[in-house]
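Derivation of every value follows stated rules applied to the coordinates shown; laboratory data play no part. Everything numeric in this text was worked out from a predicted model, so none of it was measured. Positions of Cβ are generated from backbone atoms using ideal geometry, with glycine treated the same way; all protein chains shown enter the neighbour counts.
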Amino acid sequence: MLSHKTTYRVIYGDTDNMGIAYYANYLRWFEIGRTELLRAWGLPYREIEAQGILLPVSEVHCKYMTPAKYDELLTIEAALSPEMKAGLKIDYRITSADLQTLHAAGYTRHAFLNREGRVIRPPEFIRTIIRRQRGEADD
């Protein structure tokens, strides 16, 4: 499972006075999708951090297509991108729940850091889980 879908209902606090979702909330929704993708893999952030690993966002991109509106049910799809080798790149699509309307698409890139803030190689326990998600044999 390289991708995971999560649903989210746009709350009043997500919107401006016109009932349209504020643009920065899409980045929060990316985080929700990423968190649930990792959880579905058996890698909740809490466990990753307990291992002394931090995954800060080093780059983000979001292309807005159609505004999401108050009380709309969204589908947030997060998928592991094969592009990055030293870190993680997660691709996102935020659509209507029926998947008919694309609201936004984008990605985040993440570096692996130790507790001292130094960039490190992806730890073996994470590489193993990613290989399994890709259907690759363990080394």
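Around Arg109, with a cut-off of 11 angstrom between Cβ atoms, what is the net charge of the other residues, counting Lys and Arg +1 and Asp and Glu -1?
Numbers: positive: Lys89; negative: Glu59, Glu83, Asp91.
Here the charged neighbours net out to -2.
Label points 7 Å out from Cα along the Cβ direction at Tyr12 and His61: separation in nm?
3.8 nm
Which log10 I(q)/I(0) values does the chain give at q = 0.16, 0.20 Å⁻¹ under the Debye formula, counting every alpha carbon as one identical point scatterer?
Each listed q maps to, in turn, -0.84, -1.16.
Just to confirm a number: summing +1 for Lys and Arg and -1 for Asp and Glu over residues other than Arg9 whose beta-carbon lies under 12 angstrom from that of Arg9, what do you get? Please list the in-between numbers first.
Numbers: positive: Lys69; negative: Asp14, Asp71, Glu72.
Computed value for this residue: -2.
Can you tell me the orientation of helix 124-134 relative to the chain, as the angle in degrees between its alpha-carbon axis and the longest Cα principal axis, to the nearest 10?
Roughly 60 degrees between the two axes.
Return the single residue from Glu47, Glu31, Glu77 with maximal mean-square fluctuation; model: Gaussian network over the chain, springs between Cα atoms under 10 Å.
Per the Cα network of the chain with a 10 Å cutoff, Glu47 tops the list.
Over segment 3-134, what is the mean sequence separation of C-alpha contacts under 8 Å (at least six apart), divided by residue count, expressed as relative contact order in percent?
Numbers: 240 pairs, mean separation 36.5, N = 132.
This gives 28 percent for segment 3-134.
So what is the 222 nm mean residue ellipticity for the chain from helices alone, if each DSSP H run of at least 4 adds -39500 (n - 2.57) and you divide by all residues, rounding to the nearest 500 deg cm²/dmol? Don't skip to the end; give the middle numbers.
Details: 3 runs with 33 residues, N = 139.
Helices in the chain give a 222 nm mean residue ellipticity of -7000 deg cm²/dmol.
Once both axes come from the Cα atoms, what is the angle between helix 25-40 and the longest principal axis of the chain, in degrees from 0 to 90, rounded to 10?
40 degrees
Could you work out which residue, out of Asn25, Asn17, Asn114, moves most in a Gaussian network model of the chain, that is, has the largest mean-square fluctuation with Cα springs under 10 Å?
Highest fluctuation of the listed residues: Asn17.
So for segment 3-134, taking the charge dipole from beta-carbon charges (+1 Lys/Arg, -1 Asp/Glu), which of Ser3, Leu43, Val119 sits furthest toward the positive end?
Val119
Can you give the Rg to Rh ratio for segment 35-111, taking only C-alpha atoms and Rh from Kirkwood? Could the numbers behind the result be given before it?
Values: Rg = 14.1 Å, Rh = 13.8 Å.
Here Rg/Rh amounts to 1.02.
What residue among Arg115, Arg39, Arg127 has the largest mean-square fluctuation in a Gaussian network model of the chain, using Cα springs under 10 Å?
Arg115
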